[in-house]
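Student: Have a look at this one before I ask anything.
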Amino acid sequence: MDRRKKQKKSAWILLLVAVVLLGGLAFQFYHQKQVTKLAEQQKQQSAEKNKSAANKEENGKKQKSSPATAAKKDKEPAAGKKQSTAEKVDKLLKQMTLQEKVGQMFMVGFQSTEEDQTIQTMIRKQKVGGVILFDRNMQSPEQVAELTNRLKQEAAKNDVSLPLMIGLDQEGGPVLRMRDRVSPIPSQQRLGRTASPEQVYKVARLNGTELAAMGIQVDFAPVLDLSANDERSFGRDPGKTTTLGLEAVKGLNAAHVTASLKHFPGNGRVVVDPHLDESIVKADKATLENVDMVPFKRMMEKQAEQQFFVMVTHVKYPAFDAKMPASISRTIIQDVLRGQLGYQGIVVTDDLDMGAVSKYYSYDQLGYMAVNAGADLLLACHEYDHQLKLYQGILQAVQDGKLSEERINESVKRILTYKLEHVSNDPVSPAKASQIVRSPEHVELMESITK
């Protein structure tokens, strides 16, 4: 009996020892596994930390060696996402100062055949959006191409680098800049009497081709005024004027030149030249809407297909506004042109140096009044001092609360949109301009149309 008890006791002891041994082995295995796992984690974290530090060092080297590239990448949209024109315009507006915005609303003239100090100042300091050329600036196709290249280069140096609009009045006939060095473009009156719509298109395309070769992107033509006698008009027939006016716009656009319909709402009845003094058209509203304005109305139906501005005259139309000339009349620009006719493009004033307005309003007033009425682009063609007063008058009106910056933004949006889609500062070739402008082929075409 005692022997059996001893054997049983020994068995339990052996079993207990076995359990303890097995437990110890299991714990040692588990502990070793955890240690190994922890070591692997630490090794991975160390590798990731080293990789991150290396990336930062590499990025730092890239930024240090190429800040321009880094800045460019910051400005670029994410890969695969192309910015729309509207997005680009909104971004530019946020970057621009009020002074830069107001400058974009001006197209100014100067007195020299070279880039003189006044135009340099207007581009560098006032950041003007455009330049208008006259005979006084033009000697030869090659010289004009060189001049426009320099003007564009000057604009490209500004902090907000925007294309510079360069324009002129190249209507044909009596209004033909550098007439001895360009093709003999006939007057609109002559074309209205003898030319077919197809021939008018060819004349306009040739005209636009010569302008584009010299670096000019805007032609303040065609004239849509109705007149039987004015050499600048296609005639008295609203239907014919519309047809020929449309072909003129198409021809200019085909040469990548923007047209400008003028002089809204129609100068055909004027007696006093608005270049000299106040001019009044006393026709009633029905006559103006159903006769004089017809070419403009019909052209508005084509604004989605064709590229043109609308120039507003300085003439008074008491049927619409008893007090203000059209160019500074909110009723005529906002209610009639934009509201009634639905025009969405750029509204440009006639030259603000003209007597019809400059004799009766100070330049400090005129700029503000034109913008307040709804004009987008202001022509100031001759005097540097007048240009500064117009510019400063608009800034002062904003500062005084008479004009909102939102109103400025409306116009600048239209101008920036137009520039981004239709204008560049790319140079033209003076040598090619010399070959293209008034080439024998161009002269022959003009003579075949006008004989």
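Student: Taking only region 115-131 into account, find how many residues are within 27 Å of residue 90 (Cα to Cα) and outside any helix (DSSP H, G or I).
Tutor: Qualifying residue count, region 115-131: 7.
Student: When only residues in region 260-282 that are of a type in the set (Gly, Ala, Ser) and within 21 Å of residue 353 (Cβ to Cβ) count, which is surrounded by the fewest Cβ atoms within 10 Å (Cβ to Cβ)? Quick ask: steps written out before the conclusion?
Tutor: Just the residues of region 260-282 that are of a type in the set (Gly, Ala, Ser), to begin with: 260, 266, 268, 279.
Checking the rest, the ones that are also within 21 Å of residue 353 (Cβ to Cβ) come to 260, 279.
On the way: 260: 23, 279: 21.
In this case the residue turns out to be 279.
Student: Yes or no: residue 198 surrounded by fewer than 20 Cβ atoms within 10 Å (Cβ to Cβ) and under 21 Å from residue 307 (Cβ atoms)? Outline the logic, then answer.
Tutor: Numbers: surrounded by fewer than 20 Cβ atoms within 10 Å (Cβ to Cβ): yes; under 21 Å from residue 307 (Cβ atoms): yes.
Answer is yes for this residue.
Student: Within region 363-373, does at least one residue satisfy the condition of being out of contact with any Leu (no Cβ under 9 Å at 6 or more places or on another chain), under 26 Å from residue 218 (Cα atoms) and part of a helix (DSSP H, G or I)? Show your work before the answer.
Tutor: Pass one, region 363-373, residues out of contact with any Leu (no Cβ under 9 Å at 6 or more places or on another chain): 365, 369, 373.
Filter once more, so that each one left must be under 26 Å from residue 218 (Cα atoms): 369, 373.
Restricting the remaining residues to those that are part of a helix (DSSP H, G or I) gives 369, 373.
Taking every residue of region 363-373 in turn, at least one turns out to be out of contact with any Leu (no Cβ under 9 Å at 6 or more places or on another chain), under 26 Å from residue 218 (Cα atoms) and part of a helix (DSSP H, G or I).
Student: In addition: State all residues of region 253-271 that are in contact (Cβ under 8 Å) with a residue 12 or more places away in the chain and over 32 Å from the mean Cα position of the chain (by Cα); if no residue qualifies, say none.
Tutor: 269, 270
Student: Among 414, 438, which is the only one that is buried (at least 16 other Cβ atoms within 10 Å of the Cβ), modelled with pLDDT of 95 or more and not in a helix (DSSP H, G or I)? Explain how you work it out, then say what you get.
Tutor: On the way: 414 fails: not in a helix (DSSP H, G or I).
Matching residue, one of 414, 438: 438.
Student: Select from region 314-340 the residues that are touching a strand residue (DSSP E or B) at 6+ places or on another chain (Cβ under 9 Å), assigned to a loop (DSSP other than H, G, I, E, B) and either more than 22 Å from residue 403 (Cβ to Cβ) or of a type in the set (A, V, I, L, M, F, W, C) (or both) and list them in ascending order.
Tutor: Looking only at region 314-340, we keep the residues that are touching a strand residue (DSSP E or B) at 6+ places or on another chain (Cβ under 9 Å), and these are 314-318, 322-329, 332-333, 336-338.
Okay, now just the ones that are also assigned to a loop (DSSP other than H, G, I, E, B), so 314-315, 317-318, 322-324, 329.
Answer for region 314-340, where residues must be touching a strand residue (DSSP E or B) at 6+ places or on another chain (Cβ under 9 Å), assigned to a loop (DSSP other than H, G, I, E, B) and either more than 22 Å from residue 403 (Cβ to Cβ) or of a type in the set (A, V, I, L, M, F, W, C) (or both): 315, 317, 318, 322, 324.
Student: Tally the residues that are on the phi < 0 side of the Ramachandran plot, modelled with pLDDT of 95 or more, in a loop (DSSP other than H, G, I, E, B) and among the small types (Gly, Ala, Ser), restricting the search to region 243-282.
Tutor: Going through region 243-282 one residue at a time, the tally reaches 1.
Student: In region 142-173, what count of residues is obtained for those that are assigned to a loop (DSSP other than H, G, I, E, B) and either on the phi < 0 side of the Ramachandran plot or not assigned by TED's automatic domain parsing to the domain that holds residue 114 (or both)? Spell out the reasoning first.
Tutor: Kept after step one, since they are assigned to a loop (DSSP other than H, G, I, E, B), are these residues of region 142-173: 157-164, 169-171, 173.
Right, trim to either on the phi < 0 side of the Ramachandran plot or not assigned by TED's automatic domain parsing to the domain that holds residue 114 (or both) and you get 157-164, 169-171.
Result for region 142-173: 11.
Student: Assigned by TED's automatic domain parsing to the domain that holds residue 311 and closer than 28 Å to residue 130 by Cβ: does that describe residue 271? Outline the logic, then answer.
Tutor: Details: assigned by TED's automatic domain parsing to the domain that holds residue 311: yes; closer than 28 Å to residue 130 by Cβ: no.
No.
Student: Considering only residues that are farther than 27 Å from residue 303 by Cβ and either in contact with a helix residue (DSSP H, G or I) (Cβ under 6 Å, 6 or more places away or on another chain) or not in a helix (DSSP H, G or I) (or both), which ones fall in region 417-431? First the steps, then the outcome.
Tutor: Keep residues of region 417-431 that are farther than 27 Å from residue 303 by Cβ, which gives 427-431.
Answer for region 417-431, where residues must be farther than 27 Å from residue 303 by Cβ and either in contact with a helix residue (DSSP H, G or I) (Cβ under 6 Å, 6 or more places away or on another chain) or not in a helix (DSSP H, G or I) (or both): 427, 428, 429, 430.
Student: Here is a further query. Which residue out of 285, 240 is within 18 Å of residue 189 (Cα to Cα), surrounded by fewer than 17 Cβ atoms within 10 Å (Cβ to Cβ) and at pLDDT 95 or above?
Tutor: Numbers: 285 fails: within 18 Å of residue 189 (Cα to Cα).
The match here is 240.
Student: Please name all residue pairs, on different chains or six or more residues apart, with Cβ atoms under 6 Å, provided the first residue is in region 280-305 and is among the basic types (Lys, Arg) and the second residue is at pLDDT below 95 and assigned to a loop (DSSP other than H, G, I, E, B).
Tutor: none
The values are calculated or read from the model by the stated rules, or taken from the named source; none is laboratory data. Being a predicted model, the structure only gives us computed values, none of them experimental. Cβ: placed from backbone, ideal geometry, glycine included. Neighbour counts: every protein chain shown.
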